[in-house]
Amino acid sequence: MTGTPQDDAIPDTPDELAEEAQATREEFGHTLEALADKTDVKARAQERAGDIKTQVEHAAAEAKDRAAQAAHLLHDNTPEPLLEAAGAARRNRTALLAAGAGVLLLVMLVRRATR
């Protein structure tokens with residue numbers, strides 16, 4: 001189909017002509033399908049959105065792995081007394097919050113009294 005009509009050999013029989021016509025129809029059908037795919041904006045946008053979603057999922061998984069590695073590294077490099085203190089603070093959270101609220105109230109009362 002790339003040559004000019006003078007370059008193409010003229011089919012000698014009706015069967016050859018029919019075969020050439022069928023081949024031309026198939027080639028034309030493939031060309032039309034390719035053009036339709038390129039002009040289907042919705043399908044191309046969905047494909048692109050799928051690609052972006054995959055990239056985001058990959059990046060999120062990578063970030064999660066890095067955060068886990070950083071947490072392990074931090075835990076491994078934190079002195080044991082500090083880890084024990086943090087554990088005690090977690091176990092006594094209510095008492096610590098109450099003590100913090102009491103200190104805050106005391107500071108506010110002292111400030112009010114000095115004015």
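The values are calculated or read from the model by the stated rules, or taken from the named source; none is laboratory data. As the structure is a computational prediction, the values presented were derived from the model and not from experiment. Neighbour counts are summed over all protein chains in view; Cβ atoms, including those assigned to glycine, are modelled from backbone coordinates with ideal geometry. For the accessible areas, the whole protein counts, side chains as well, though only heavy atoms, and no ligand, DNA or RNA atoms are used. Shrake-Rupley method; radii C 1.70, N 1.55, O 1.52, S 1.80 Å.
Here is what passes the span test in the chain: the DSSP H helices with alpha carbon length of 18 Å or more along the helix axis and a Kyte-Doolittle mean of 0.5 or above are 93-114.
Think of the chain as having a plus end and a minus end, set by charges on the Cβ of Lys, Arg, Asp and Glu; of Pro79, Asn92, His58, Asn92 sits farthest toward the positive end of this dipole. The residues of the chain expose on average 92 square angstrom of accessible surface per residue, using a 1.4 Å probe on protein heavy atoms. Charged neighbours of Thr31, selected by a Cβ distance under 12 Å, balance to -2 (K, R count +1; D, E count -1). Rg/Rh for the chain (Cα atoms only, Rh after Kirkwood) is 1.62. Remark: the chain carries a charge dipole of roughly 2920 debye about the Cα centre, counting +1 on each Lys and Arg Cβ and -1 on each Asp and Glu Cβ. Shown for segment 71-110 is the translational diffusion coefficient from the Stokes-Einstein equation, using the Kirkwood radius over Cα pairs, a temperature of 10 °C and a viscosity of 1.306 mPa s: 133 µm²/s.
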